[in-house]
Amino acid sequence: MRSVEPIRWTPEGVVLLDQRRLPGDVIHHTYTDYRELAQAIKDMVIRGAPAIGVAAAMGVALGVERSKAKTLAELRAEFATICDMLARTRPTAVDLFWAIDRFKKRFEALALAEANNGDAGLARIRISLVEEAQKLHQERRDADERIGRFGAELLPKTGRVMTQCNAGALATGGIGTALGVIRMAVEGGYRIEVLVPETRPYLQGSRLTAWELHQDHIPLTLITDNMVGHFLKTGGVSAVVVGADRIARNGDTANKIGTYGIAVLARENKVPFYVAAPISTLDLSIASGDQIPIEERSEEEVTHLAGVRIAPDVHAAHPAFDVTPARFIAAIITERGIARAPFEESLKDFAERP
Ligand code: MRU
């Protein structure tokens, strides 16, 4: 199944589809410097938890590949600087830290193996990290397909499904998590229409999800965020499926601002609320959602729309994510299966599986 590609490793550098410009313009940029790639993550040229993880992996690989270090000690010092810079881009999506940790372990294993091999050893470390980034990207694609297959089982054969933000190909580098579930269902012959809240203030719903679904000819209806309750009550919605940026040990889930409200309204209206996310989005080091850092973005993204001021010059708040308590979540769909409450047990079990 082919979907739009938000990120690609090429011999010229890392190519990103500029998501800030969608749906109007489809523009790609090639990054040859990890510092610029880190800035692109911060600026949301690429966004969505799994895709941020892929971008961080490629950022580390790019930095090491292009490093001028002549000794292992120099390369190790530069590697640490690269990892630090990438880790300071966005705080909530745990896939970013997961990817960086994985590269730290890989680097140390390679450094140990190549410690006495001089220039040839350094060259092999560089090549291996580039391969690791491509491998990680492929794993994201495979995970999405499996999440899609598991999740499709939970959807109605005919009906309406609501999502939030963009948990599609643009957000993962595969077919998407929440949208991967919908894509797999549609491919399996389900007749599904997607209700897409616009997702103020950054409009990932209207700009990105609506664009992706429209490209793939999947029927959708765009709604504003304040229509969610109305449609969950009267709109014949059979399920809600969203992605995740970080899932705590007890199943509490951070996702795009507005998700919590949707989950509560779904419960009130007896609509099952599902989270679709890869194992890399689990943060089993934290007990509950209270410990998830919530990114605060600029006030201007609230007071302005497409560069036009839509509010007086007043203070505005912009938490980019909220946390949905686990009790509102009917199931968490992972690439290893469908986790149900008590999540403390089911998530641990999935995380420990090979
Ligand atoms: O701020 P963003 O656009 O990076 O936030 C993205 C979301 O909240 C998505 O819903 C989440 O990352 C899941 S993506 C598969």
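The values are calculated or read from the model by the stated rules, or taken from the named source; none is laboratory data. Remember, predicted model here, so these are calculated numbers, not experimental data. With ideal geometry, Cβ positions are generated from the backbone for all residues, glycine too; neighbour counts draw on all protein chains shown.
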Looking at the structure I just gave you, is Lys70 charged (D, E, K, R) and over 23 Å from Arg8 (Cβ atoms)? yes
Scanning region 90-119 for residues that are more than 12 Å from Ala49 (Cα to Cα) and in a loop (DSSP other than H, G, I, E, B), which turns out nearest to the ligand (Cβ to nearest atom)? Glu114
Leading residue by the ranking (surrounded by the most Cβ atoms within 10 Å (Cβ to Cβ)) among those in region 309-354 that are of a type in the set (Lys, Arg) and farther than 12 Å from Gly251 by Cβ: Arg336
crowded, with 19+ Cβ neighbours inside 10 Å, in contact with an Asp or Glu (Cβ under 9 Å, 6 or more places away or on another chain) and not small (Gly, Ala, Ser): does that describe Arg66? no
Checking the structure you have, find out if any residue of region 248-263 is away from the ligand (no atom under 11 Å from the Cβ) and free of Cβ contacts under 8 Å to residues at least 24 places away in the same chain. no
Taking the condition of being away from the ligand (no atom under 12 Å from the Cβ), among the charged types (D, E, K, R) and under 23 Å from Ala210 (Cα atoms), how many residues in region 13-62 meet it? 3
Subset of region 87-107 (residues that are charged (D, E, K, R) and either touching an Asp or Glu at 6+ places or on another chain (Cβ under 7 Å) or buried (at least 17 other Cβ atoms within 10 Å of the Cβ) (or both)): Arg90, Asp95, Arg102, Arg106
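Quick grid of which residues meet (1) farther than 19 Å from Val45 by Cβ; (2) at pLDDT 95 or above; (3) out of contact with any Asp or Glu (no Cβ under 9 Å at 6 or more places or on another chain); (4) among the aromatic types (Phe, Trp, Tyr):
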position	(1), (2), (3), (4)
Gln138	yes, yes, yes, no
Asp144	yes, yes, no, no
Ala152	yes, yes, no, no
Leu170	no, yes, no, no
Gly180	yes, yes, no, no
Arg191	yes, yes, yes, no
Tyr202	no, yes, no, yes
Arg207	no, yes, no, no
Glu212	no, yes, yes, no
Quick one: which strands (runs of 3 or more DSSP E) sit completely within region 222-265 and have at least 2 residues that are surrounded by fewer than 23 Cβ atoms within 10 Å (Cβ to Cβ) and either more than 24 Å from the chain's Cα centre (by Cα) or assigned by TED's automatic domain parsing to the domain that holds Lys157 (or both)? 237-242
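Conditions tested, residue by residue: (1) within 11 Å of the ligand (Cβ to nearest atom); (2) surrounded by fewer than 23 Cβ atoms within 10 Å (Cβ to Cβ); (3) farther than 26 Å from Pro293 by Cα; (4) not polar (S, T, N, Q).
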site: Gly121; (1), (2), (3), (4): no, yes, yes, yes
site: Ile125; (1), (2), (3), (4): no, no, yes, yes
site: Arg141; (1), (2), (3), (4): no, yes, yes, yes
site: Cys165; (1), (2), (3), (4): yes, no, no, yes
site: Ile175; (1), (2), (3), (4): yes, no, yes, yes
Taking region 278-298 as the search range and keeping residues that are more than 15 Å from Val323 (Cα to Cα) and aliphatic (A, V, I, L, M), which one is farthest from the ligand (Cβ to nearest atom)? Leu284
So Val181 passes all but one of these: (1) more than 10 Å from the ligand (Cβ to nearest atom); (2) more than 15 Å from the chain's Cα centre (by Cα). Which condition number does it fail? (2)
In this structure, is Val196 away from the ligand (no atom under 15 Å from the Cβ) and either surrounded by 23 or more Cβ atoms within 10 Å (Cβ to Cβ) or in the same structural domain as Glu295 (by TED's automatic domain parsing) (or both)? no
Leu37 of a type outside the set (Gly, Ala, Ser), closer than 19 Å to Ser128 by Cβ and not assigned by TED's automatic domain parsing to the domain that holds Glu212: no
Select from region 300-337 the residues that are out of contact with any strand residue (DSSP E or B) (no Cβ under 9 Å at 6 or more places or on another chain), more than 16 Å from the ligand (Cβ to nearest atom) and in a loop (DSSP other than H, G, I, E, B) and write down the one among them that is modelled with the lowest pLDDT. Ala306
